[in-house]
Amino acid sequence: MEFKTNVVLWGSPKVINAQLDFQKVSESGGNVLFSVDELYKAIREDIGLSNKGLDKRQLVKMYLRDPGELDAMSASNQALQRTSR
């Protein structure tokens with residue numbers, strides 16, 4: 001609750017939208033790691049840090065024991081989406 005209050009009081013619209021997207025994804029059982037990465041990037045931008053040069057999902061990969069696992073999972077999800085169309 002404290003984090004959400006701080007987001008409302010201090011976050012830009014981009015941070016608020018990223019937080020709402022994270023909530024929606026987590027409630028629907030989606031991949032929260034992708035949403036967390038977008039939230040981190042929005043927060044960094046808000047405090048004046050650049051995200052230039054950061055690859056997709058690079059921030060959240062820092063917390064994983066095997067960062068390549070996220071890439072493999074993403075590729076697997078994309079393959080499943082292509083076959084379900």
> Taking Cα atoms, how many degrees apart are the long axis of helix 32-46 and the longest axis of the chain, rounded to 10 and kept between 0 and 90?
Replying inline: 40 degrees
>> To the nearest 20 Debye, how big is the dipole of the chain about its Cα centre, given +1 on the beta carbon of each Lys and Arg and -1 on that of each Asp and Glu?
In response: 220 debye
>> Using only the heavy atoms of the protein chains and a 1.4 Å probe, how would K52, K61 rank by accessible area, largest first?
In response: K52, K61
>> Tell me the carbon and sulfur percent of the accessible area for the chain, rounded to whole percent, probe radius 1.4 Å.
In response: 56 percent
> What FRET efficiency, computed as 1/(1 + (r/R0)^6) with R0 = 25 Å and r the Cβ-Cβ distance, is obtained for I47 and Q23, rounded to the nearest 0.05?
Replying inline: 0.70
>> Rounded to the nearest 10 Å², what accessible area does S50 have for a 1.4 Å probe in the complete protein model?
In response: 70 Å²
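The values are calculated or read from the model by the stated rules, or taken from the named source; none is laboratory data. No experiment lies behind these values; they were computed from the predicted model shown. Don't worry about glycine lacking a Cβ; one is built from the backbone with ideal geometry, like all the others, and counts go over all protein chains shown. For accessibility, only protein heavy atoms count, side chains too; no ligands or nucleic acids. Shrake-Rupley method; radii C 1.70, N 1.55, O 1.52, S 1.80 Å.
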